[in-house]
Each structure stands twice: as structure tokens, then as C-alpha cells.
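One structure is given here, and the rest of the page talks about it.
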Amino acid sequence: MGAAEPGKTRIGWIGTGVMGGPMCGHIMDKGFSLTVHTRNRDKAKALLSKGAAWADSPGAVAEASDVVFTMVGFPSDVREVYFGNRGVLSGAGKGSILVDMTTTEPILAQEIYAAARAKNVHSIDAPVSGGDVGAREARLSIMVGGDPEAVEAVMPLLQAMGKTIVRQGGPGAGQHTKMCNQIVVAGTMIGVCESLIYGHKAGLDLEVMLSCIRGGAAACWMLDNMAPRILNRNFDPGFYVDHFVKDMGIALDEAKRMKLALPGLALVHQLYVALQANGGGRNGTQALMLVLEQLGNTKTARA
């Protein structure tokens, strides 16, 4: 199994949303030909204008491709894309490679792997972290599960999208690693928001405060990227609240299966559910601030 090569390896892509669109674009920029499909064709306009071909179903994408990437929303979407009528598995040819970059259930990744293997098709789970910024700048962290040979074959494609790419183990290992990532993100996000609320109530200049704590033990991606958005009241999605609630739910379900207590994650999950209940599901994850401000009867903004 050779490594993917421009002009030789045909690429398929399903799901061209906030992150999928730019990720797919980076592969095109490396000289690979692409066939794309998404539920809303308008979301693929930019890729089609760059020369991508359109397919009417996931199965048609698979028929036209040696490697198929999927980047959709929820486990139910992944299941439909792979196992549904004219799904990817119906069109995947012998020796082709399927790469699901959606954050989904580890057990579903293993199910796809088993179904693909029965057809002599390779399957990899490769969820990502880095949000819209990482997707646009090709700086994603990619957590990979699957057979070593298949992972090595698609490595040039993964390198077009990300900077940190690590095979974690067999099928499902990438998804388990992404759950670890989301647990950290949940705890960090509430810490960033509560820090801003505290600083505001204490009368600090929040810009000055942030410039200091960014240089200490609190330094992190969230402070650099999310805190400025919060201060600007910019709650546009780099990553949807609805999707983050889904991810935390998967992690909590897995924890329950493993008989683990994760009280911090459970708390943040419930706060995000409250945000959903107040109509914030399509906001970015930094909109957690809105719930915490409501609890504290305050509003934090750039001076």
C-alpha cells in the first residue's frame, strides 16, 4: 500500500462545513483531485469553483475515490453516511481507505472498521482538534486510530491539514483520544470564562490581566483564542455548542461504561445543556460565558 500521491490518488470528501470545507481545500491545494458531497450543495460552492467534482451520494463519492474522508456532525450522521442507502460502504472498492474525521463514538469507529474489513476496505478514525482557526491554517491536531499501513498511506493527506498527527492505536483509539481532548477543553473553557468574570467584578483591566496570566502557568490555547472573542462579544461558531454537547455526552457515556466518575465534565456538560435550552446551540463554545454571566448577574466585555 503506497502513500497517497497528487495526480494518482483520487480523493473523496463528504461534509464541507465550518471545518470540513477548509480542510478539504488544503488537500486540493496539494494538487489532489477531489470528488465532494454534502447535504447542502451550496456549502461546497467554493470547492466546486476550485475544480472539485460533485457526486450525488456518499456511495458515488466512494466509487470515484481511492481515499474517502468524512467530516459530518453527529454519530447518527456518520452511521447514515457509511451504512445508509447509497452510503460510503456501498461504493467503496477493494483496497480503498475510509477516513472518518468526525468526532463520534469509539464503538461506531470499530463497527465501521469491521464492516470495511469484510469488504477488503481499510478504515481509519481520525478526529481533530484546533477549531476553525486550526482548520483554516492547517494546524490541526489529528488523533488517529487504525492499522499502521493504512495510516501511513494517508499520512501525506493528513499532513496537508494538520501539524500534530499521532497514531494512537487500533480502531476507535483516535476517538478515545479525542474524548480526552474534549475533557480538557471543557475544564479549560469554564476556567477561562470564570477568570474573566472574576477579573471584571474585581475592576481589573481585562486586557492587562490577560497579558500577564498568558505568560504564566495559565498559558493555553483557550486564553489566546477564545478570551479575545468573549471580550468582543463574538460568539460565532468555530465549533458549535451543539457538537460540543454531543462530544461531552459521548465521553460521559464512555466513562459510565468504564465505571468512572468525571464530576467536572458532568458539571460543564450541564451548563452547556442550559445554553442549548436558551437557544445557544448554534453559537461557538465560547458562548458558555452567557450562562455564567447570567448566574453571576454580570456582563463581561472589552472596555
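The values are calculated or read from the model by the stated rules, or taken from the named source; none is laboratory data. These numbers were taken from a predicted model, which means no experiment stands behind them. Ideal geometry is used to build each Cβ from the backbone, glycine not excepted, and the neighbour counts take in all protein chains shown.
Miscellaneous remarks
- Tallying residues that are surrounded by 15 or more Cβ atoms within 10 Å (Cβ to Cβ) and part of a helix (DSSP H, G or I) within segment 229-260 yields 17.
- Long-range neighbours under 8 Å by Cβ, at least six apart or interchain, first residue assigned to a loop (DSSP other than H, G, I, E, B) within segment 209-224, second crowded, with 17+ Cβ neighbours inside 10 Å and among the charged types (D, E, K, R): none
- A search for C-beta distances below 6 Å between a residue of segment 130-152 that is farther than 15 Å from Val185 by Cα and any residue that is among the acidic types (Asp, Glu), counting only pairs 6+ apart in sequence or on different chains, returns Gly145/Asp125.
- Lys119 meets each of the listed conditions (1) assigned to a loop (DSSP other than H, G, I, E, B); (2) modelled with pLDDT under 95 apart from (2).
- Matching residues in segment 38-83 - criterion: being at pLDDT 95 or above, touching a Cys at 6+ places or on another chain (Cβ under 9 Å) and among the small types (Gly, Ala, Ser): Ala52
- Of residues in segment 122-146 being closer than 20 Å to Glu105 by Cβ and in a loop (DSSP other than H, G, I, E, B), the one nearest to the chain's Cα centre (by Cα): Pro127
- Residue within segment 74-91 that is touching a strand residue (DSSP E or B) at 6+ places or on another chain (Cβ under 7 Å) and of a type in the set (Gly, Ala, Ser) present: no
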